[in-house]
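Structure, as structure tokens:
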Amino acid sequence: MKQKRVPEIMDSPEISPEIHHRALAALERINKWSDSAGIVWREIQSMGENSGMLRVLDVATGGGDVPIALWKLADRAGVKLQIAGCDKSPTAIAHAKANAEKQGASIDWFTWDLFTDPVPQGYDIVVSSLFMHHLDSAQAVAFLKKLAGGAGQRLIVNDLRRSTAGWLLALGAACVLGSHVVCVDGPRSVRAAYTIAESAGLAAQAGLTDVKIEPRFPFRFVLTWSRK
């Protein structure tokens, strides 16, 4: 399937808070079904078992469901994580904060713009889930380079893999979640996503060496880079 980029409704600054909250809730259900947090957790768990407190930052956190799930997984496993989540959207941060408080998850939240703000420092692990496909290739290179600059030990990127089968799955699954935004944006996201080979090329352009990229169910990949 050829890559095609079409503006997504969720990326519009004109989206109303009510519609935005509804879309975030639908995306949380997709993330839970597709085990987005589990994909990231498997990359973190082995590090936490052999160290003290690890500081984790989730970039473009959206509704905050991934860091909340990571907090729960770490709590059950006895792994010490200090977690923060950031997003450009104040609506998303408010949604994430309310969800975290409701579930008793101790997470720091703040607004942050990838393109205008300096990279946050002081984190051992920088994570991003399902955001890179929103970026064109030049932006994706800058994104990987910038996040790696803030990762003291490891960068973890979990994203969509572009494929016809993945597009069909998104077309069907997104439209049963009660959100017009996700119904429209889901298939668009898959068409805009990068293949594993393309992602490896972007990482190389960002100057990241020894990057590991592996496929994950369903039609995802996880990119990991460790600082030497």
*asked:* Taking the conditions exactly as written (modelled with pLDDT under 95, aliphatic (A, V, I, L, M) and surrounded by 20 or more Cβ atoms within 10 Å (Cβ to Cβ)), does Ala165 satisfy them or not?
replied: no
Residue hits (the stretch 125-150; surrounded by fewer than 21 Cβ atoms within 10 Å (Cβ to Cβ) and either of a type in the set (Ser, Thr, Tyr) or more than 19 Å from Tyr194 (Cβ to Cβ) (or both)) are Ser137, Gly149, Gly150
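Residue-wise test of (1) at pLDDT below 95; (2) within 30 Å of Val184 (Cα to Cα); (3) touching an Asp or Glu at 6+ places or on another chain (Cβ under 6 Å).
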{"site": "Leu27", "(1), (2), (3)": "yes, yes, no"}
{"site": "Lys32", "(1), (2), (3)": "yes, yes, no"}
{"site": "Ile39", "(1), (2), (3)": "no, yes, no"}
{"site": "Ser46", "(1), (2), (3)": "yes, no, no"}
{"site": "Ser51", "(1), (2), (3)": "yes, no, no"}
{"site": "Asp58", "(1), (2), (3)": "no, yes, no"}
{"site": "Ala77", "(1), (2), (3)": "yes, no, no"}
Counting only helices (runs of 4 or more DSSP H) wholly inside the stretch 157-228, the ones holding at least 2 residues that are closer than 17 Å to Ser137 by Cα and not hydroxyl-bearing (Ser, Thr, Tyr) are 180-192, 196-205
Here the qualifying pairs (Cβ atoms under 8 Å; residues six or more apart or on different chains; first in the stretch 19-40 and on the phi > 0 side of the Ramachandran plot; second surrounded by fewer than 18 Cβ atoms within 10 Å (Cβ to Cβ)) come out as Asp35/Phe217
The condition from (1) modelled with pLDDT under 95; (2) more than 23 Å from Arg29 (Cα to Cα); (3) in contact with a strand residue (DSSP E or B) (Cβ under 8 Å, 6 or more places away or on another chain) that Gln82 misses is numbered (1)
The condition of being assigned to a loop (DSSP other than H, G, I, E, B), without any contact (Cβ under 8 Å) to a residue 40 or more places away in the chain and over 21 Å from Val119 (Cα atoms) holds, among Gly52, Gly63, only for Gly52
Of the conditions (1) farther than 27 Å from Glu14 by Cβ; (2) in a strand (DSSP E or B); (3) out of contact with any Asp or Glu (no Cβ under 7 Å at 6 or more places or on another chain), the single one that Gln121 does not satisfy is (2)
Within the stretch 83-115, residues in a strand (DSSP E or B) and not small (Gly, Ala, Ser) come out as Ile83, Cys86, Asp87, Ile107, Asp108, Trp109, Phe110, Thr111
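The values are calculated or read from the model by the stated rules, or taken from the named source; none is laboratory data. Keep in mind the model is a prediction, meaning the values are calculated, not measured. Note that each Cβ is placed from the backbone with ideal geometry, even for glycine, and that neighbours are counted across all protein chains shown.
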